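Okay, so here's the structure we're looking at.
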Amino acid sequence: MKKNILATLVLSTLFLSQANAQKLKKAFNGKNLDGWIIPEPNNDNWTVSKGILTVKSDDTRKGKTLWTEKHYKDFIVQADYKNVSGVIDSGIFLRSEKDQIQIGISGSLKRDLTASPYVPGKGYPKEADLSSLKKDDWNTLKVKVVGNTYTVWLNGVEVMNYTSEGIADEGPIGIQLHPGNEMNIQYRNILLTKI
């Protein structure tokens, strides 16, 4: 009897979790930047080839952000990224430039703070666990934003949860090219869904 009840509970939980699972859709088609607002002048800072978005600095080393055309309230965004060369300081902006999930080296702290939140005026209020980070390889970063709370997974491992007091209620999602650095980072499989 206890085994039957336990089995029923496990199956019910599994069914509910599958029903609540969100299907991620392509936000980047791998061919061009349709659906994104390309910063101008581009200067080859944002190029697409064979399913990969390459983000690299030019001689001016000016910062730019690639924004989605659509705006989002609650959402999940996921992307594979690979650090190619230089001092990587990139990240994913959440609804505005006020909340960002860092990818790479913090310009202020001079160390890797991937998957950690950056909030202007507060710096890095919480640091992610980087034990699942793969050096010199593709990593998968997933961010879930519900209300003012966001949760981050790195290569399938939950590494950070943070509640931001000042996050915008709605806005686009951005991929950052930080100013001042010589850097080259690649993205692929950029997926997104509203929840």
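The values are calculated or read from the model by the stated rules, or taken from the named source; none is laboratory data. Computed from a predicted structure; not experimentally measured. Cβ sites come from the backbone with ideal geometry, for glycine too, and all protein chains shown count toward neighbours.
Do we have Leu109 as among the hydrophobic types (A, V, I, L, M, F, W, C) and within 24 Å of Ile52 (Cβ to Cβ) here? Give the derivation first.
Working: among the hydrophobic types (A, V, I, L, M, F, W, C): yes; within 24 Å of Ile52 (Cβ to Cβ): no.
Against the criterion (among the hydrophobic types (A, V, I, L, M, F, W, C) and within 24 Å of Ile52 (Cβ to Cβ)), Leu109 does not qualify.
Here is the figure for region 59-75: residues that are more than 17 Å from Lys142 (Cα to Cα) and either crowded, with 21+ Cβ neighbours inside 10 Å or touching a His at 6+ places or on another chain (Cβ under 6 Å) (or both) total 3.
Residue-wise test of (1) surrounded by fewer than 16 Cβ atoms within 10 Å (Cβ to Cβ); (2) under 19 Å from Ile190 (Cβ atoms); (3) in contact with a helix residue (DSSP H, G or I) (Cβ under 7 Å, 6 or more places away or on another chain); (4) not charged (D, E, K, R).
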{"position": "Ala27", "(1), (2), (3), (4)": "no, yes, no, yes"}
{"position": "Lys31", "(1), (2), (3), (4)": "yes, yes, no, no"}
{"position": "Asp34", "(1), (2), (3), (4)": "yes, yes, no, no"}
{"position": "Glu40", "(1), (2), (3), (4)": "yes, no, no, no"}
{"position": "Leu53", "(1), (2), (3), (4)": "no, yes, no, yes"}
{"position": "Ser57", "(1), (2), (3), (4)": "no, no, no, yes"}
{"position": "Val77", "(1), (2), (3), (4)": "no, yes, no, yes"}
{"position": "Tyr81", "(1), (2), (3), (4)": "no, yes, no, yes"}
{"position": "Val84", "(1), (2), (3), (4)": "yes, yes, no, yes"}
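Among the residues of region 40-83, those identified as in contact (Cβ under 8 Å) with a residue 60 or more places away in the chain, farther than 27 Å from Gly156 by Cα and assigned to a loop (DSSP other than H, G, I, E, B) are Asn45, Ser57, Arg61, Lys62, Gly63, Glu69.
Answer yes or no: is there a residue in region 4-14 that is out of contact with any strand residue (DSSP E or B) (no Cβ under 9 Å at 6 or more places or on another chain), modelled with pLDDT of 90 or more and hydroxyl-bearing (Ser, Thr, Tyr).
Of region 4-14, the ones out of contact with any strand residue (DSSP E or B) (no Cβ under 9 Å at 6 or more places or on another chain) are 4-14.
Narrowing the set further to residues that are modelled with pLDDT of 90 or more leaves none.
Looking through region 4-14, none of the residues is out of contact with any strand residue (DSSP E or B) (no Cβ under 9 Å at 6 or more places or on another chain), modelled with pLDDT of 90 or more and hydroxyl-bearing (Ser, Thr, Tyr).
Among residues belonging to region 22-39 that are of a type in the set (S, T, N, Q) and without any contact (Cβ under 8 Å) to a residue 60 or more places away in the chain, point out the one that is nearest to Trp138 (Cα to Cα).
Here is the first cut: in region 22-39, the ones of a type in the set (S, T, N, Q) are 22, 29, 32.
If we keep only those that are without any contact (Cβ under 8 Å) to a residue 60 or more places away in the chain too, we end up with 29, 32.
Working: Asn29: 18, Asn32: 21 Å.
Filtering region 22-39 for residues that are of a type in the set (S, T, N, Q) and without any contact (Cβ under 8 Å) to a residue 60 or more places away in the chain, the one nearest to Trp138 (Cα to Cα) comes out as Asn29.
Scan region 104-158 for residues that are closer than 23 Å to Gly63 by Cβ, of a type in the set (S, T, N, Q) and either in contact with an Asp or Glu (Cβ under 6 Å, 6 or more places away or on another chain) or free of Cβ contacts under 8 Å to residues at least 24 places away in the same chain (or both) and the total you get is 3.
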